[in-house]
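Worksheet for the structure shown next.
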Amino acid sequence: MATQNPPQISSEEYKEVLKTAFVQCYQTSNDAWSYEEAMREVPVYFLECIGSQKGHILDIGAGSGKDAEILLKEGHSVTGLDLYEHEAWQFLSYTWGDRINFVKSQFTDWQPSAETKFDAVFDNGCFHHQHPSLYFPYLTHLKTLLKPNGIAMLSVFTPLDENTDGSFIDFDEGRIGRSFSVNELQQLLTNHDFIWLDSRRIYRPWHEHYLPVHYLAALVKNQP
Ligand SMILES: C[S@@+](CC[C@H](N)C(=O)[O-])C[C@H]1O[C@@H](n2cnc3c(N)ncnc32)[C@H](O)[C@@H]1O
């Protein structure tokens with residue numbers, strides 16, 4: 001399952017593979033992450049970090065909207081973006097009215113108006129599935145959507161042994177995941193001009209969809 005090889009197809013071809021894979025996972029109820037307790041620890045850590053001031057948060061790869069709901073309950077407004085229009089979005093929109101807005105799009109293809117800037121950006125498990133040649137456009141796009149001094153959290157796979165470098169992980173449907181050590185993620189994000197603030201390893205207990213990884217949530221700040 002773990003390999004050092006990035007996907008052997010172009011980023012454009014991989015976008016289609018990724019979309020098909022996630023749509024299939026949701027439509028066949030193979031979205032184990034939607035029900036994973038460790039995943040839900042990430043928004044709790046994010047809320048601790050952003051403090052009590054309420055803001056407008058972009059949730060990239062929002063999936064079933066579980067994290068968006070946690071953020072909404074704390075008084076924030078949320079734009080949840082995903083390439084799959086989850087059936088839960090309708091109910092969440094009905095419940096939370098104009099404090100929630102869902103967008104169906106590939107993240108790097110989404111071009112909102114130039115004035116659209118978020119107080120904070122949250123990415124729980126989306127970035128680490130992208131083609132490595134899209135890391136740069138993905139992070140640049142994220143920075144463009146974030147206000148100066150705005151906070152972003154990215155949560156990614158990390159190796160079980162924290163002294164080991166990350167690797168690529170192949171999933172059955174053709175999507176890949178990439179695990180990162182703290183140093184690798186810190187280097188990647190600071191190379192993209194983010195200010196590194198903090199990180200937390202989130203323990204992922206063994207369960208039937210076992211992957212030999214934990215999560216690593218990184219907190220960064222945009223330049224002033
Ligand atoms: C592992 S799931 C995590 C979902 C959600 N954040 C959660 O915690 O339940 C990754 C999500 O990212 C979405 N996704 C992956 N690549 C994307 C992209 N390039 N643009 C938009 N959404 C993407 C998938 O459809 C999926 O819902």
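The values are calculated or read from the model by the stated rules, or taken from the named source; none is laboratory data. Just so it is clear, the structure is predicted and the values come from calculations on it, not from any experiment. Here the Cβ positions follow ideal geometry from the backbone for every residue, glycine too, while neighbour counts run over all protein chains shown.
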So Phe91, is it away from the ligand (no atom under 15 Å from the Cβ) and either farther than 19 Å from Tyr215 by Cβ or among the β-branched types (Val, Ile, Thr) (or both): yes
Unique match (being assigned to a loop (DSSP other than H, G, I, E, B), within 12 Å of the ligand (Cβ to nearest atom) and not aromatic (Phe, Trp, Tyr)) among Gly75, Gly63: Gly63
Scope the stretch 78-88; condition more than 7 Å from the ligand (Cβ to nearest atom) and either crowded, with 22+ Cβ neighbours inside 10 Å or not in a loop (DSSP other than H, G, I, E, B) (or both); matching residues: Val78, Thr79, Gly80, Ala88
Unique match (being within 16 Å of Leu154 (Cα to Cα), within 15 Å of the ligand (Cβ to nearest atom), modelled with pLDDT of 95 or more and surrounded by 15 or more Cβ atoms within 10 Å (Cβ to Cβ)) among Ile70, Ile57, Ile100: Ile57
The stretch 31-47, residues that are out of contact with any Gly (no Cβ under 9 Å at 6 or more places or on another chain) and farther than 13 Å from Glu69 by Cβ: Ala32, Tyr35, Glu36, Glu37, Ala38, Glu41, Tyr45, Phe46
Conditions (1) in a helix (DSSP H, G or I); (2) within 16 Å of the ligand (Cβ to nearest atom); number of the one not met by Glu173: (1)
Leading residue by the ranking (nearest to the ligand (Cβ to nearest atom)) among those in the stretch 25-36 that are within 16 Å of Asn124 (Cα to Cα), without any contact (Cβ under 8 Å) to a residue 60 or more places away in the chain and assigned to a helix (DSSP H, G or I): Ser34
